């Protein structure tokens, strides 16, 4: 007897759904646009990219990227990565519909409880990249680590740890 | 001398492109203390549904204010850089309100300055966020 096996979805349908979810999360946040952060998606892995511009300078004499920009970049990477991972299952199962996401209907985002950033070297005037890893994902609280680098992935210029309060399912 | 230091720190902070971008204004600076404001703006919103500003913008303000406090300390010889900064977010800032950050350098050694900072909106009795940080102490 033939097993009940559904045909895999066409790749563009999968991509459209995943990109729509990411766009719904990050596309509507004004501060992400202000800093110029974009997200690159490979499967469920996100890389945040901060293209360099003069507005991001914190020390004009070096020059170096502003520590606050670095902190915001890491925090943004952490919150979007956490949210994306959190939504992933519902997006994949069809619980959350793509057309709803595209219309801006989005579940509430996690709230930052605290955020610690370690500055490891000064941020050079060039593009920066960051990835985050969800180290704990509970019903109410989540912990996320994020790392940012520039030319060399093995030499991060900053790392951060954040704790988040997860949105309640019934809201 | 102290006034001179405050003037240099003020000029330095005023020249920071990113602080200008966010509209930061130095209200008071000197003797290891700084108070800096950041006006509400659509550009720093983190949640478009509520209009609440993003925590990252508060981080940027806290970092600037902490650095300013260190630079204005009488025994700090010159520049500074953040070693680490921890921010606790108590509540969402009220949309439309200007954020005021106050930072104080609580202790300074030859190499390290320790800073505590608070950020408030118009309701100045209930902090929006608090921060603790360590900064480098750099020669001229």
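When you check residue A:30 against the structure, is it at pLDDT 85 or above, facing chain B (nearest Cβ under 10 Å) and over 23 Å from residue A:124 (Cβ atoms), yes or no? Taking the combined requirement at face value, the residue satisfies it.
Scanning the range B:15-72 for residues that are at the interface with another protein chain (Cβ under 10 Å from one of its Cβ atoms), more than 30 Å from residue A:27 (Cα to Cα) and under 13 Å from the mean Cα position of the chain (by Cα) yields B:66, B:67.
Applying the criterion of being touching a helix residue (DSSP H, G or I) at 6+ places or on another chain (Cβ under 9 Å) and in a strand (DSSP E or B) to the residues of the range A:103-113, the residue that is nearest to the other protein chains (Cβ to nearest Cβ) is A:112.
Here the condition is being closer than 30 Å to residue A:108 by Cα, crowded, with 18+ Cβ neighbours inside 10 Å and in contact with a strand residue (DSSP E or B) (Cβ under 6 Å, 6 or more places away or on another chain); of B:54, B:73, it holds for B:54 alone.
Residues considered: B:119, B:134, B:103. Of these, the only one that is assigned to a strand (DSSP E or B), closer than 19 Å to residue B:40 by Cβ, at pLDDT 95 or above and within 14 Å of the chain's Cα centre (by Cα) is B:119. Applying the condition of being farther than 21 Å from residue B:86 by Cα and touching a helix residue (DSSP H, G or I) at 6+ places or on another chain (Cβ under 6 Å) to the range A:45-56 and asking which residue is farthest from the other protein chains (Cβ to nearest Cβ) yields A:46. For the range B:60-100, a tally of residues being within 15 Å of residue A:115 (Cβ to Cβ), in contact with a helix residue (DSSP H, G or I) (Cβ under 8 Å, 6 or more places away or on another chain) and assigned to a strand (DSSP E or B) returns 4. In a residue-by-residue description of the range B:103-120, the property of being touching a residue at least 60 places away in the same chain (Cβ under 8 Å), in contact with a strand residue (DSSP E or B) (Cβ under 9 Å, 6 or more places away or on another chain) and more than 26 Å from residue B:3 (Cβ to Cβ) applies to at least one position.
To keep it simple, each residue is scored yes or no on (1) outside any helix (DSSP H, G or I); (2) over 30 Å from residue B:17 (Cβ atoms); (3) within 13 Å of chain B (Cβ to nearest Cβ); (4) in contact with a strand residue (DSSP E or B) (Cβ under 7 Å, 6 or more places away or on another chain).
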{"site": "A:72", "(1), (2), (3), (4)": "no, no, yes, no"}
{"site": "A:76", "(1), (2), (3), (4)": "no, no, yes, yes"}
{"site": "A:88", "(1), (2), (3), (4)": "no, yes, no, no"}
{"site": "A:92", "(1), (2), (3), (4)": "no, yes, no, no"}
{"site": "A:95", "(1), (2), (3), (4)": "yes, yes, no, no"}
{"site": "A:101", "(1), (2), (3), (4)": "no, yes, no, no"}
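Here is a check on your reading of the model: is residue A:68 buried (at least 23 other Cβ atoms within 10 Å of the Cβ), within 11 Å of chain B (Cβ to nearest Cβ), in a helix (DSSP H, G or I) and more than 16 Å from the chain's Cα centre (by Cα)? Spelling it out, residue A:68 is indeed buried (at least 23 other Cβ atoms within 10 Å of the Cβ), within 11 Å of chain B (Cβ to nearest Cβ), in a helix (DSSP H, G or I) and more than 16 Å from the chain's Cα centre (by Cα).
Would you confirm whether any residue within the range A:148-157 is within 20 Å of residue A:38 (Cα to Cα) and part of a strand (DSSP E or B)? Taking every residue of the range A:148-157 in turn, at least one turns out to be within 20 Å of residue A:38 (Cα to Cα) and part of a strand (DSSP E or B). If the condition is being within 13 Å of the chain's Cα centre (by Cα) and part of a helix (DSSP H, G or I), then the range A:9-30 contributes A:19, A:21, A:22, A:23, A:24, A:25, A:26.
The values are calculated or read from the model by the stated rules, or taken from the named source; none is laboratory data. Not measured: the values here are computed from a predicted model. In this analysis, Cβ positions are derived from the backbone assuming ideal geometry, glycine residues included, and neighbour counts consider all displayed protein chains.
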